[in-house]
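The values are calculated or read from the model by the stated rules, or taken from the named source; none is laboratory data. It should be emphasised that the depicted structure is a prediction, and the values quoted were computed from it without experimental measurement. Ideal geometry is used to build each Cβ from the backbone, glycine not excepted, and the neighbour counts take in all protein chains shown.
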Number of protein chains: 2
Amino acid sequence: MHEFDLIRRFFSRPGGREDTILGVGDDCALLDPAGNEVLAATIDTLVAGVHFLPDTDPGKLGYKALAVSLSDLAAMGAEPAWGFLALTLPEADPVWLESFSRGLYDLATRHRMDLAGGDTTRGPLTITLQAIGRVPKACSMLRSGARSGDDIYVSGLLGQAGLGLKMLTGEVAWRDRAAIDRLLSPEPRVALGMTLRGVAHACIDISDGLAADLGHILESCGLGATIRWEALPLAPAVRHYIEQTGDWRLPLYGGDDYELCFTAPPSQRRVLEQSLPSCDVSWHRIGTIEERQGLRLVKGGEVISLPQAGYRHF
Amino acid sequence: MHEFDLIRRFFSRPGGREDTILGVGDDCALLDPAGNEVLAATIDTLVAGVHFLPDTDPGKLGYKALAVSLSDLAAMGAEPAWGFLALTLPEADPVWLESFSRGLYDLATRHRMDLAGGDTTRGPLTITLQAIGRVPKACSMLRSGARSGDDIYVSGLLGQAGLGLKMLTGEVAWRDRAAIDRLLSPEPRVALGMTLRGVAHACIDISDGLAADLGHILESCGLGATIRWEALPLAPAVRHYIEQTGDWRLPLYGGDDYELCFTAPPSQRRVLEQSLPSCDVSWHRIGTIEERQGLRLVKGGEVISLPQAGYRHF
């Protein structure tokens, strides 16, 4: 199959956005953002055998490649607008491509995002997604925005994707559908991110584990934090895993949950209680930003110092 | 080396653009384009062993990864603004990274482009560059813009990169520095593209060979063309190669030259003669857009029908 036939067949659905002047098919896409907004842009790569198991369902892969980028947009409070796909494939398998593009477009359509450009090349399976979203000026939530005394919140549940990975690799012998689903099909918290505009001080998506990603916020703003074990939202399967193994670090260091971690001053508690229920995701207050450096966990009355490290790529 | 240390060390030079609100280091970059412009955006991947020989100098690779994207921006008449790099590496070799990032930043700085975001992952060497440029509204040059009767032009020389590749792979036993340089370090015709705004009807960059890329213009606008062999700009080494081998197809089907092919009505000839000399690249009128479908070459009085096909990736 020729590259152009491949693009035409699998990656040339008409875009739906009025601010897309030109999509796939020329040297560049042409985009027309509004003058009173800024653009949030991010790029992420998934490599076979590193970020996903080589036999992963291609539909789930197409979904996840985009979900990871949408999650970054969500952490900036941005509304998704355009995606660019660089897809490197060992071979042009129509069945694989049909499923991959369906997974990708299903999620893109749900978030009114146009796939505005791409490049398909031959080589080891690698998926890079660049995503651009729109944010009203001065409404983005930077990592450096956290202030001492801020409450720390997380959305959804922690440690599910990490448990799902242990199940798929055979490290854990039993299965839990929700944990595996979270790993393969994380839900980017786009509506939550947009709702937090102007309310949250800082926001990050949890891709490397809570300790690492909250650690990025602390590093960026030069502050510390204490979080409470009893406040962490854990799925029944994760509680069961911890009871069985004693490995309570999983919800803190397991990656790939793609929930949001955000901080807001206590004065915003009522605003959050009123606005967040429309976002269709639970949220929990788990701790406090503090002047004192370092990340601390209070667990059963004991204070444990947590390393702020995540997954090492090299 | 940790991913974050790697980014900090090699890919965190401060940006110089006033419209970059936030560069590398948060979930997203934040960009602030002007309201009276549109954005041209493109993504391109280079894969080791497919797009470049695995032992290619990393500095030249960093340069070329960006040059390829800048060439796409040039073909839209866009001014380069922001780049996003997705770099997949088998290992984090500081010597390789130092050279790669220097090659990339040298070209980026020359074109006042900020590297605003990126992702480094472990895996088979693959380089994806997404680039965003700015164009005044209604000034972009689409492939579909060509009109019957338009003159066809190319910049620079044709077939040099194709000859350089034959030299590096050993298919041609002699060496020509300029041909190899063209392959490894193509010059994106950014200034030319910006000068052609409002003058040229259609424009494309020659990445797959003149016949294929002019073919894209013809396909997009539903027209045909005749080009004249004697008008094609050929370097002495390419002429020498053709005399030796009889392979006159090289300048038509050799890829990677990254010159611009553009069309403009004869009424614009004087405007072009006045404005193009400031662009520091030669240009040649090589043929005419015609109602009659197909791509024809007039060579020594004979009319040859040319297939409009380029490199097949799959």
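A few notes on this one:
- Against the conditions (1) modelled with pLDDT of 95 or more; (2) closer than 16 Å to B:ILE227 by Cβ, B:GLN268 satisfies every one except (2).
- Residue count, region A:290-302 (criterion: among the hydrophobic types (A, V, I, L, M, F, W, C) and over 14 Å from A:LEU210 (Cα atoms)): 1
- Residue count for region B:1-23 satisfying the condition of being crowded, with 19+ Cβ neighbours inside 10 Å and assigned to a loop (DSSP other than H, G, I, E, B): 3.
- Residue within region B:113-121 that is farther than 24 Å from B:GLY156 by Cβ, more than 11 Å from chain A (Cβ to nearest Cβ), without any contact (Cβ under 8 Å) to a residue 40 or more places away in the chain and not in a helix (DSSP H, G or I) present: no
- If you go through region B:287-312 and keep only what is in contact with a Leu (Cβ under 6 Å, 6 or more places away or on another chain) and not in a loop (DSSP other than H, G, I, E, B), you end up with B:ILE289, B:LEU295, B:LEU297, B:ILE304, B:LEU306.
- Selection of first residues in region A:191-205 that are under 19 Å from A:SER220 (Cα atoms) and of second residues that are basic (Lys, Arg), restricted to Cβ pairs under 7 Å at least 6 apart or on distinct chains, gives the following pairs, ordered by first then second residue: A:HIS201/A:ARG147; A:ALA202/A:ARG143; A:ILE204/A:ARG143.
- Total residues in region A:24-59, condition among the hydrophobic types (A, V, I, L, M, F, W, C), within 25 Å of the chain's Cα centre (by Cα) and not in a strand (DSSP E or B): 2
- Taking the criterion of being within 12 Å of the chain's Cα centre (by Cα), at negative phi and not charged (D, E, K, R), the residues of region B:193-209 that qualify are B:GLY193, B:CYS203, B:ILE204, B:ILE206, B:SER207.
- Here A:VAL172 meets the list (1) in a helix (DSSP H, G or I); (2) at pLDDT 95 or above almost entirely, failing just condition (1).
- From B:PRO33, B:PRO58, residue being in contact with a helix residue (DSSP H, G or I) (Cβ under 7 Å, 6 or more places away or on another chain) and either closer than 20 Å to B:GLY193 by Cα or outside the structural domain of B:GLY164 (by TED's automatic domain parsing) (or both): B:PRO58
- Screening A:SER275 with (1) free of Cβ contacts under 8 Å to residues at least 60 places away in the same chain; (2) surrounded by fewer than 16 Cβ atoms within 10 Å (Cβ to Cβ) gives one miss only, at (1).
- Each residue in region A:214-243 was checked for being part of a helix (DSSP H, G or I), closer than 27 Å to A:LYS166 by Cβ and of a type outside the set (Gly, Ala, Ser), and 12 pass.
- For region B:193-213, a residue qualifies if it is of a type in the set (Gly, Ala, Ser), more than 13 Å from chain A (Cβ to nearest Cβ) and part of a helix (DSSP H, G or I), and exactly one does: B:ALA211.
- Those residues of region A:122-133 which are surrounded by fewer than 22 Cβ atoms within 10 Å (Cβ to Cβ) and part of a strand (DSSP E or B), in sequence order: A:ARG122
- Of the residues making up region B:7-27, at least one is facing chain A (nearest Cβ under 7 Å), touching a helix residue (DSSP H, G or I) at 6+ places or on another chain (Cβ under 8 Å) and within 29 Å of A:LEU125 (Cβ to Cβ).
- B:GLY301 within 16 Å of B:LEU232 (Cβ to Cβ), within 14 Å of chain A (Cβ to nearest Cβ) and among the small types (Gly, Ala, Ser): no
- Number of positions in region A:90-112 that are within 8 Å of chain B (Cβ to nearest Cβ) and either within 21 Å of A:GLY193 (Cα to Cα) or in contact with a strand residue (DSSP E or B) (Cβ under 7 Å, 6 or more places away or on another chain) (or both): 0
- In region A:76-97 there is at least one residue that is in a loop (DSSP other than H, G, I, E, B) and out of contact with any helix residue (DSSP H, G or I) (no Cβ under 9 Å at 6 or more places or on another chain).
- Residue list for region B:247-272, filter: in a helix (DSSP H, G or I) and either in contact with a Phe, Trp or Tyr (Cβ under 7 Å, 6 or more places away or on another chain) or free of Cβ contacts under 8 Å to residues at least 24 places away in the same chain (or both): B:LEU250, B:SER267, B:ARG270
- Single residue of region A:134-182 satisfying the filter (surrounded by fewer than 16 Cβ atoms within 10 Å (Cβ to Cβ) and at positive phi) that is nearest to the other protein chains (Cβ to nearest Cβ): A:ALA138
- Candidates B:LEU184, B:LEU142: the one that is in contact with a helix residue (DSSP H, G or I) (Cβ under 9 Å, 6 or more places away or on another chain) and farther than 30 Å from B:GLN268 by Cα is B:LEU184.
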